[in-house]
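Here the structure comes first, spelled out in structure tokens, and everything after it is commentary.
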Amino acid sequence: MHDSALVASAMRPFAFAIVLALGVACGGGGGSVASNAAPGAGGGAAPTSCSTGFATPDPNPTGPSPAPLPAGLTLPSGFSGSVIAQVPSARELTVAPNGDLFVGTESTQVYIVPHADDAGAAGTPQIFWSHPQASNNGDAPNAGLTLSLQECALYVAGNTSVWMIRYRPGDQNAESAQQIASVRTGSVSPGSDGDVHTTTSVAFTQGSLFVSVGSSCNACTEVDPTRAVVLQFGPTGGNSTTKATRIRNGIALAADPASGHLWVGGAGQDDLASGHPYEFSDDVSAHAGEADYGWPNCEENHIAYVTGSNCASTIAPIVELPAYSTTIGETFYPASSGANAFPAQYRGGLFITAHGSWHTTNGSSAAIPQVAFVAMNGDVPVTAVSWSNPAAQWQTFFGGFQQGATTRIGRPTGIAVGPTGSLFVADDQTGNIYRIRPIP
């Protein structure tokens, strides 16, 4: 057995005692299995502490040994990757300080992968929470999620609702779930072309919950103010305001842990001039009031795609990727981390997962799936946008997902950094959960 595994085994009884003690601080005793609460039932009083530095008692046998990356996938020299778990239709990711990994999906279920950031094998994936309406699939996909240690809560976003699940250190099953917000509360735009987005993303930063909701069309004027926007809520819902508007589909939502700034990655409208508009990521917090990204009238650098539109006051994003990249997830790499910390040039940088396009140009995919890395200086990219070259700011970090013109062996979705510094990437085509680390 590896030395670290021996240490972990020896520490497990002690760690379990810590979990029991911290569980009281985070809203309850040692048990973690309970049924979901009905909407509005409440999740108990807000906890006063959600300490880090704890370990999880593993209720499952150790999962299978990490598998090598599928043939063809590539990483920079000095890194290695493995497949540590499989979760059907895996989407957004978030990690607990003990290394447990939460996985949103395209269904009504949220999974947990215990010990995902351990030295060796991860635990066997299991269902952490099933939506109360799972029987009729009424709120799928439950793809968006984020963990707030400030609130001791896991937030999960579905098609029409946002749920708050009280989290205690080491929980392996959801204990109490409360619906705290509703989205897509109005009708689909009467001008919709049928491209109705159903994903909702969440991020928690600076004491607020941010919720990004996709549009009801490719290009239209929304009649529902809770679509094509980023909304800001209090930690338990309520006090809703609009933080950003006219974003066609801002699936990628992330907070910079250094500054607390909120970032959104958005997909521009389809079927415009060849190669446009670019996909983007932008620092929403850098803009006072309600940030207007202009869709569908204005995109990119104040360019009008609807005749007669005034784009002077719309936002020109500061990070750009090629058209049709379809950014699904993004995360900032922390300035410091643990035993698997990336080299210094990656710290503080932004990783973006590009799902790739279903569009083709001259028989080839319009954009390939990949994980891109953007070097950052705080909340400003080291390389400024080049409006003539959407590949100038970033480099491919995790690639090889597309073989030839259209054949794909995976499509990256969620992305997150573990407490030891591991980078986790989800893949909804294969269900793979990849773990990437520097080679010692």
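The values are calculated or read from the model by the stated rules, or taken from the named source; none is laboratory data. Small disclaimer: the values here were computed from a predicted structure and weren't measured. Heads up, the Cβs are rebuilt from the backbone with ideal geometry, glycines too, and the neighbour counts pull from every protein chain shown.
All conditions in (1) closer than 27 Å to Leu262 by Cβ; (2) at pLDDT 95 or above hold for Phe401, with the sole exception of (1).
A single member of Thr226, Thr242 is closer than 20 Å to Tyr155 by Cα, β-branched (Val, Ile, Thr) and in a loop (DSSP other than H, G, I, E, B), and it is Thr226. Taken together, the residues in the stretch 347-365 that are on the phi < 0 side of the Ramachandran plot and buried (at least 19 other Cβ atoms within 10 Å of the Cβ) amount to 9. Is the stretch 333-341 home to any residue that is surrounded by 18 or more Cβ atoms within 10 Å (Cβ to Cβ), touching a Gly at 6+ places or on another chain (Cβ under 8 Å) and aromatic (Phe, Trp, Tyr)? Yes, the stretch 333-341 contains at least one residue that is surrounded by 18 or more Cβ atoms within 10 Å (Cβ to Cβ), touching a Gly at 6+ places or on another chain (Cβ under 8 Å) and aromatic (Phe, Trp, Tyr). Surrounded by fewer than 24 Cβ atoms within 10 Å (Cβ to Cβ) and closer than 15 Å to Met376 by Cβ - does that describe any residue in the stretch 285-294? Yes, the stretch 285-294 has at least one match. Scanning the stretch 146-160 for residues that are within 20 Å of Thr185 (Cα to Cα) and either among the hydrophobic types (A, V, I, L, M, F, W, C) or within 17 Å of the chain's Cα centre (by Cα) (or both), we see that the one that is surrounded by the most Cβ atoms within 10 Å (Cβ to Cβ) is Val156. If the condition is being over 21 Å from Val319 (Cα atoms) and buried (at least 21 other Cβ atoms within 10 Å of the Cβ), then the stretch 394-410 contributes Phe401, Gly410. Take the stretch 274-303 and flag every residue that is among the aliphatic types (A, V, I, L, M) and out of contact with any strand residue (DSSP E or B) (no Cβ under 6 Å at 6 or more places or on another chain). Answer for the stretch 274-303, where residues must be among the aliphatic types (A, V, I, L, M) and out of contact with any strand residue (DSSP E or B) (no Cβ under 6 Å at 6 or more places or on another chain): Ala286, Ala288, Ile303. I want to confirm something. Restricting to the stretch 60-95 and keeping residues that are in contact with a Lys or Arg (Cβ under 9 Å, 6 or more places away or on another chain) and among the hydroxyl-bearing types (Ser, Thr, Tyr), which single residue is nearest to Ile409 (Cα to Cα)? Checking each candidate, the answer is Ser82. For the stretch 183-195, the condition holds for at least one residue, the condition being that it is under 20 Å from the mean Cα position of the chain (by Cα) and of a type in the set (A, V, I, L, M, F, W, C). Taking the criterion of being modelled with pLDDT of 95 or more and part of a loop (DSSP other than H, G, I, E, B), the residues of the stretch 253-267 that qualify are Asp256, Pro257, Ala258, Ser259, Gly260, His261. Screening Phe351, Phe401, Phe373, Phe397 for residues that are farther than 30 Å from Leu149 by Cβ and among the hydrophobic types (A, V, I, L, M, F, W, C) leaves exactly one candidate, Phe401.
Taken as a whole, the stretch 371-393 holds at least one residue that is among the aromatic types (Phe, Trp, Tyr) and in contact with a strand residue (DSSP E or B) (Cβ under 6 Å, 6 or more places away or on another chain). In the stretch 245-254 there is no residue matching the filter, namely being buried (at least 19 other Cβ atoms within 10 Å of the Cβ), in contact with a Leu (Cβ under 7 Å, 6 or more places away or on another chain), closer than 30 Å to Tyr167 by Cα and in contact (Cβ under 8 Å) with a residue 40 or more places away in the chain. The residues listed here are Gly158, Gly120; of these, the one that is in contact (Cβ under 8 Å) with a residue 40 or more places away in the chain, in contact with a His (Cβ under 7 Å, 6 or more places away or on another chain) and farther than 28 Å from Asn218 by Cα is Gly120. In the stretch 214-231, of all residues being under 19 Å from Gly289 (Cβ atoms) and of a type in the set (A, V, I, L, M), the one that is surrounded by the most Cβ atoms within 10 Å (Cβ to Cβ) corresponds to Ala228. The residue list Pro76, Pro97, Pro64 contains one member that is within 27 Å of Val264 (Cα to Cα), at pLDDT below 95 and not in a strand (DSSP E or B), which is Pro97.
Can you list residue pairs whose Cβ atoms sit under 8 Å apart, with the first residue in the stretch 327-349 being among the β-branched types (Val, Ile, Thr) and the second being in a loop (DSSP other than H, G, I, E, B)? Count only pairs 6 or more apart in sequence or on different chains. Close Cβ pairs satisfying both conditions: Thr327/Ile251; Thr327/Ala267; Thr327/His355; Ile328/Ile251; Ile328/His355.
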